[in-house]
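Notes for the one structure printed next.
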Ligand SMILES: Cc1cc2nc3c(=O)[nH]c(=O)nc-3n(C[C@H](O)[C@H](O)[C@H](O)COP(=O)(O)O)c2cc1C
């Protein structure tokens, strides 16, 4: 697979084949590749927790219950801007409304929206979930490094015909997730990720998001 094909063909997958297993060896192989991502002074600021079985079920149960009860939880870091504004608000809406439109989810129908969104906590049916953490005293530079590590993992997965969905949806419930991971107190949750084989029959997986043309965000100075 060409690198550019791996990048442009990747999309967030939100329906996995639950009966097509992913082994610890496969995850380890992918993490070994992803760990070649660069990081400032090679400090490699990542910690990764692989969940399946009881620990995965416990996370599903805890987060689903909180989400469905209307508990919004609390992010330990701000993933999104505190005050949404254009052009970001419009892009966010376009992505969300596009997905709901494809699935026939009426965004004003609270039960329908919840029914869709709660699938985040079921790992979209994936056989394995990953949780990425970082030591709380790491600075913004390490978060840059982390993004490269995450993308490297997602691209390497595609070479093994696996797909992924990075998930910030777990972050508001980090106080439920971190104890199940038995993560040390000095670590904080960066995001979760569902990993597995895409369900080719699932409509949600046909959703393809837009991108800006490079000319809209590039500035050339002579
Ligand atoms: C760090 C990160 C967290 C994300 N969190 C979620 C999430 O919680 N749930 C979800 O369905 N998608 C999540 N996404 C997927 C984005 O919505 C998606 O990447 C974006 O809409 C672009 O679509 P694409 O990945 O299909 O190219 C996340 C993506 C990233 C990079």
Is it true that some residue in region 107-118 is loosely packed, with under 11 Cβ neighbours inside 10 Å, at negative phi, touching a helix residue (DSSP H, G or I) at 6+ places or on another chain (Cβ under 7 Å) and assigned to a loop (DSSP other than H, G, I, E, B)?
no
The lone condition residue 128 fails out of (1) more than 12 Å from the ligand (Cβ to nearest atom); (2) at pLDDT 95 or above; (3) surrounded by fewer than 18 Cβ atoms within 10 Å (Cβ to Cβ) is (3)
Residues located in region 174-186, provided they are touching a strand residue (DSSP E or B) at 6+ places or on another chain (Cβ under 9 Å) and either more than 24 Å from residue 22 (Cβ to Cβ) or within 16 Å of the ligand (Cβ to nearest atom) (or both)
174, 177, 184, 186
Residues of region 72-106 being part of a loop (DSSP other than H, G, I, E, B) and over 25 Å from residue 62 (Cβ atoms), which ones?
81, 82, 83, 84, 85, 86, 87, 104, 106
Only one residue in 72, 54, 61, 76 is surrounded by fewer than 17 Cβ atoms within 10 Å (Cβ to Cβ), closer than 30 Å to residue 136 by Cβ and in contact with a strand residue (DSSP E or B) (Cβ under 8 Å, 6 or more places away or on another chain). Which one?
76
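The values are calculated or read from the model by the stated rules, or taken from the named source; none is laboratory data. Quick caveat, the model's predicted, so the values are computed rather than measured. Cβ atoms come from the backbone with ideal geometry, glycine included; neighbour counts cover every protein chain shown.
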